[in-house]
Amino acid sequence: EFPRFSGSLRIRTTLVDAYGSRGRRGYKGDLVDISRGGLAFVIRISSKNNARLLLGRQVVTDLILDGEVVTCNGIIVGVRQHDDDEQTYCVHVKLAKHFAQKRFGRIVSLLK
């Protein structure tokens, strides 16, 4: 639906519980690519079974920009193994609300 832009950016993501609240434990990862309607990031997961449990879960993701944190909500629509040796997985998130064009332009400009 929207063009994707690749780059490197630190993110923090937190699973949302059944009541719509952020969980206590967050995960740090690296952004792989982003579009106005979704994003993908790599995190370390201990087992394939745990990775599968993420499918369909709601998440809150914080993009850590220069002195600013952009928070976005979404749902995990895909989890693929990224590197078998390091037990890393690429998590694909569909955003609940698309980024505004101006804000998205700022995010893309900060990608490394």
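Output yes when any residue across the range 67-80 is touching a helix residue (DSSP H, G or I) at 6+ places or on another chain (Cβ under 9 Å), in contact (Cβ under 8 Å) with a residue 12 or more places away in the chain, assigned to a strand (DSSP E or B) and open to solvent by 80 Å² or more (accessible area, probe 1.4 Å), and no when none is. Before the answer, list the steps.
The first filter runs over the range 67-80 and keeps only residues touching a helix residue (DSSP H, G or I) at 6+ places or on another chain (Cβ under 9 Å), leaving 68, 70, 79-80.
Cutting the leftovers down to in contact (Cβ under 8 Å) with a residue 12 or more places away in the chain gives us 70, 79-80.
Next cut, assigned to a strand (DSSP E or B) only: 70, 79-80.
The next check asks that each one be open to solvent by 80 Å² or more (accessible area, probe 1.4 Å); those that pass are 80.
So far as the range 67-80 goes, yes, one or more of its residues are touching a helix residue (DSSP H, G or I) at 6+ places or on another chain (Cβ under 9 Å), in contact (Cβ under 8 Å) with a residue 12 or more places away in the chain, assigned to a strand (DSSP E or B) and open to solvent by 80 Å² or more (accessible area, probe 1.4 Å).
Cβ-Cβ distance below 8 Å, separation of 6 or more or different chains: which pairs start in the range 1-16 with a residue that is touching a residue at least 60 places away in the same chain (Cβ under 8 Å) and end on one that is loosely packed, with under 13 Cβ neighbours inside 10 Å and of a type in the set (D, E, K, R)?
Pairs that qualify, where the first residue is touching a residue at least 60 places away in the same chain (Cβ under 8 Å) and the partner is loosely packed, with under 13 Cβ neighbours inside 10 Å and of a type in the set (D, E, K, R), are GLY7/LYS112; SER8/LYS112; LEU9/LYS112.
Anything in the range 95-112 that is exposed (fewer than 14 other Cβ atoms within 10 Å of the Cβ) and either free of Cβ contacts under 8 Å to residues at least 60 places away in the same chain or in a strand (DSSP E or B) (or both)? List them, or say none.
Applying the first criterion (exposed (fewer than 14 other Cβ atoms within 10 Å of the Cβ)) to the range 95-112 yields 96-97, 100-103, 105, 109, 112.
The answer is ALA96, LYS97, ALA100, LYS102, ARG103, GLY105, SER109.
When the residues of the range 10-24 are narrowed to those that are over 15 Å from the mean Cα position of the chain (by Cα) and assigned to a strand (DSSP E or B), which ends up surrounded by the fewest Cβ atoms within 10 Å (Cβ to Cβ)?
Applying the first criterion (over 15 Å from the mean Cα position of the chain (by Cα)) to the range 10-24 yields 17-21, 23-24.
Checking the rest, the ones that are also assigned to a strand (DSSP E or B) come to 23-24.
Numbers: GLY23: 13, ARG24: 8.
Only one residue tops the list, namely ARG24.
Tally the residues that are under 11 Å from ILE45 (Cα atoms) and open to solvent by less than 50 Å² (accessible area, probe 1.4 Å), restricting the search to the range 84-94.
Of all residues in the range 84-94, those under 11 Å from ILE45 (Cα atoms) come to 84, 86-91.
Checking the rest, the ones that are also open to solvent by less than 50 Å² (accessible area, probe 1.4 Å) come to 88-91.
Result for the range 84-94: 4.
Looking only at the range 25-53, count how many residues are open to solvent by 40 Å² or more (accessible area, probe 1.4 Å), in a strand (DSSP E or B) and either among the aromatic types (Phe, Trp, Tyr) or at pLDDT below 90 (or both).
Matching residues across the range 25-53 total 3.
The values are calculated or read from the model by the stated rules, or taken from the named source; none is laboratory data. As the structure is a computational prediction, the values presented were derived from the model and not from experiment. Cβ atoms come from the backbone with ideal geometry, glycine included; neighbour counts cover every protein chain shown. Only protein heavy atoms, including side chains, enter the accessible area calculation; ligands, DNA and RNA are left aside. Shrake-Rupley method; radii C 1.70, N 1.55, O 1.52, S 1.80 Å.
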